[in-house]
Amino acid sequence: MERQTVKIGVGQAEVPDARGYFGEFGGRFVPETLVPALDELTAAYFEAQADPAFQAELAHLQATYSGRPTPISYAARLSDYLGGARIYLKREDLAHTGAHKINNALGQALLARRMGKRRIVAETGAGQHGVASATVCALLGLECHVYMGSVDMARQRPNVFRMKLLGADVIPVDSGSRTLKDAITEAIRDWVTNVETTHYLLGSALGPHPYPLMVRDFQSVIGVEARAQMLEQAGRLPDVCIACVGGGSNAIGLFHAFRDDEDVELIGVEAGGRGVASGQHAARFADPSLGRPGVLHGTRSFVLQDADGQIRETHSISAGLDYASVGPEHAYLRQLERAHYTVATDDEALAAFELLCHLEGIIPALESAHAIAEAVKLAPKLPPDAIVLVNLSGRGDKDLDTVLGALERRP
Amino acid sequence: MSGARETTGPDALAAMFARARRESRAAFLPYFPIGYPTVADSLDAIEALARAGVDGFEIGMPFSDPLADGPTIQAATQIALENGVTVGRCLDAVGELRARGVTQPMLLMGYLNPLLAYGLERFARDARAAGAAGVIVPDLPPEEAGPLAEACAREGLAQIVFLAPTSSPERIALVAQRAQGFIYLVSVTGVTGARDSLPLDLQAFITRVRAATSTPLVLGFGISRPEQVQQVSAWVDGFIVGSALVRAAAAGVEAVRDLALTLRHALDEA
């Protein structure tokens, strides 16, 4: 079978390799029961990728259902306010369901249908992937079960209601920290039990091979569009691309198209929570006392863990970034120094959220506000002819309760 | 030096299966986690199981995200973590159990990440020094097992591999080739936990594996009742009971011992 692989930077090996490794990261650390299912999924995915009919149906639905291509917007007032680089926004918030998550959900649901699997399980943190999964299952007539931590259900209520309206069964998860990590664990347990009939529609570029590859490919439409749009609207490529990184699917989707453009700096922004020094964060790369290479949910990557290898509970104001590990390709890009990773705290994300509302008339998702926060820090240091492209991965309607509560508590 | 340290893990397991075979029965390998309900209680429970005549042990080491385990073992190992149990504490427990006269082979069962944090080579060395016979890591398929397998081979520890009802003939051949000690057969597609009945196609799955290998087969997941033990005793070389014993432990060490005795007697009557 012909493998779809890509080059990262000049002289770098193609990733992932046949075993799903991005350098020393990735792989497939799962119970034996799932190995045949992952083999089947890998084979079906490469077949679909090579099938023009599959690609045509995906492209058709992206155009007529998801609303692609999403535009890029020049953030004129934000750029003037910050007084440095020109800031452009890739508007994934304008995709159907309000976030980039639909790109991957649509691709995987078409694949599941092609594999004859009519039952879908998914995990969700912020609810955006759960909503996207429920949406595509309604569209394609598939049965949908979404696992969601009970803490996340409380802070993302509108999305819980949306999923139910779309016909999905939302299953609360009360184990562990009752957030995204625990929802993934529970979804994997369901998949192990019902593997013959069920596809696990994993929502980020993590988990066992082929998920990090497959999710990256389905999300890479973001960067492919944005790169062409920058050339068309600004006449050149951006100097910097910025995206928030939870599992890292919107970031890898943006970065992938720019991987060989060596003059384009790639910056991922992790959730700094209450500050890296507080230990209450989801900054896998920024806190060497807690973030080390390890194995969680089937993949080897950076993992927040204690000295005994137990997974740490994380904190972020943003449910979608509140996860103890990160997609293996990000660990690889960081090791190669092709991408750099910074943090934005809860407070910095909130300030960026308000700024974008006031200056651009856009209510961003709290996840995306972390990427905006990095642009707020960086743009004033750059000359006026510099260009910064920020992936606005989702819209913030789901976060209004959280933001209102945080603003009321603010001194 | 005790005898347990001089023989290798695979040798100790082979002797265990030979003894059970002479008695025309399968070997009974209970699972019990260190640290549930307390460290002291778990050591007492394992000692009581040893005296009840079980053949070997799967000694559970806790992990925060045990994705192959059902609710009973999840809850018990969460309590073990709250009781401060680490990989190091589990290794000490094996040594303590040896000192208390437990002679049966003990296999350490735990997820990969705590072992990586401890260091795979150090873990294998300390496991052997403590008197363990082998290691069972449910989230480590053979393709990823290289470093642990090498460390175990150096120390004479068996690294146990799994097969599941979903395994293809090619997969069965591949896994059987790497097996040491025994092959752990997962009885159901699912997580650990007591079940009312075993799957109807279980015997066909066991027959498929049996045709491909002469390595002893040990069945786990879902076994809790005397009639299930009698049913599988003729099909496999050994079986594991976990969740049912863990559930019994909530009522005290006596309840663990009584369930083990009931299952052990059922085995003799099979």
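The values are calculated or read from the model by the stated rules, or taken from the named source; none is laboratory data. Please read all numbers here as calculations on a predicted model, not as lab measurements. Using ideal geometry, Cβ is built from the backbone for each residue, glycine included, and neighbour counts are taken over all protein chains shown. Only protein heavy atoms, including side chains, enter the accessible area calculation; ligands, DNA and RNA are left aside. Shrake-Rupley method; radii C 1.70, N 1.55, O 1.52, S 1.80 Å.
How much mean residue ellipticity at 222 nm does chain A get from its helices, if each DSSP H run of length 4 or more adds -39500 (n - 2.57) and you divide by all residues, to the nearest 500 deg cm²/dmol?
Helix contribution divided over all residues of chain A: -12000 deg cm²/dmol.
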Three semi-axes of the equivalent ellipsoid, segment B:117-256, Cα gyration tensor, whole Å, largest first: 26, 22, 12
Mean Cβ count within 10 Å, highest first, over the residues of peptides A:207-219, A:66-78: A:207-219, A:66-78
Per-residue mean of C-beta atoms belonging to partner chains within 10 Å, peptide B:166-173: 3
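If a/c stays under 1.5 just call it rounded; otherwise compare a/b with b/c (prolate if a/b is bigger, oblate if not). Do that for segment A:179-306, with a ≥ b ≥ c from the square roots of the Cα gyration tensor eigenvalues.
Taking the square roots of the gyration eigenvalues as a ≥ b ≥ c, segment A:179-306 is oblate.
I need the shape label for segment B:34-156. Rule: rounded when a/c is under 1.5, else prolate if a/b > b/c, else oblate, with a, b, c from the alpha carbon gyration tensor.
Numbers: a/c = 1.69, a/b = 1.17, b/c = 1.45.
In terms of gyration-tensor shape, oblate.
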Residue-averaged beta-carbon neighbours from other chains (10 angstrom radius) around A:175-186: 2
Three-way shape call for segment A:339-393 based on the alpha-carbon gyration tensor, with the a/c threshold at 1.5: oblate
Loss of accessible area when B meets A, both sides summed, Å² nearest 100, probe 1.4 Å: 2600 Å²
Cysteines, the protein assembly as shown, no other Cys beta-carbon under 4.7 Å: A:Cys241, A:Cys244, A:Cys357, B:Cys90, B:Cys152
Charge-dipole axis of segment B:1-121 as Lys and Arg at +1 and Asp and Glu at -1 on Cβ define it, positive-most pick from B:Gln104, B:Gly56, B:Ala18: B:Ala18
Chain B - mean residue ellipticity at 222 nm from DSSP helices (-39,500 (n - 2.57) per run, n ≥ 4, rounded to 500): -15000 deg cm²/dmol
For the protein assembly as shown, the spread of Cα positions along each principal axis, largest first, Å: 84, 54, 50
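Using alpha-carbon pairs under 8 Å, 6+ residues apart, how would you state the relative contact order of chain A in percent?
20 percent
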Spatial separation of Cα centroids for segment A:232-246 and segment B:159-188, in angstrom: 48 Å
Hull volume in cubic angstrom per residue (convex hull over the Cα atoms of segment B:55-118): 95 Å³
Listed peptides A:399-410, A:41-52, B:244-255 by packing density, highest first (mean Cβ within 10 Å): B:244-255, A:41-52, A:399-410
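On average, how many beta carbons from a partner chain sit within 10 Å of the beta carbon of a residue in A:188-197?
Taking the mean over all residues of the peptide, I get 4.
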Segment A:59-166: mean projected area of Cα convex hull, nm²: 8.3 nm²
Whole-number percent relative contact order across chain B, with pairs defined as alpha carbons under 8 Å at least 6 apart: 23 percent
In order through segment A:133-142: 3J(HN,Hα) via Karplus (6.51 cos²θ - 1.76 cosθ + 1.60), integer Hz, x for Gly, Pro: 5, 4, 5, 5, 5, 4, 4, 9, x, 9
Peptides B:206-219, A:331-344 ordered by average Cβ neighbours within 10 Å, highest first: A:331-344, B:206-219
Debye intensity ratio in log₁₀ form over the Cα atoms of segment A:231-362, taken at each q of 0.14, 0.18, 0.19 Å⁻¹: -0.65, -0.99, -1.07
Full-stretch length increase - A:Ala277, A:Lys164 - with 0.36 nm per residue and alpha-carbon distance subtracted: 36.8 nm
Whole-percent carbon and sulfur share, accessible surface of the protein assembly as shown, 1.4 Å: 52 percent
Residues A:Glu337 and A:Glu232, FRET efficiency given R0 of 30 Å [Cβ-Cβ distance, rounded to 0.05]: 0.50
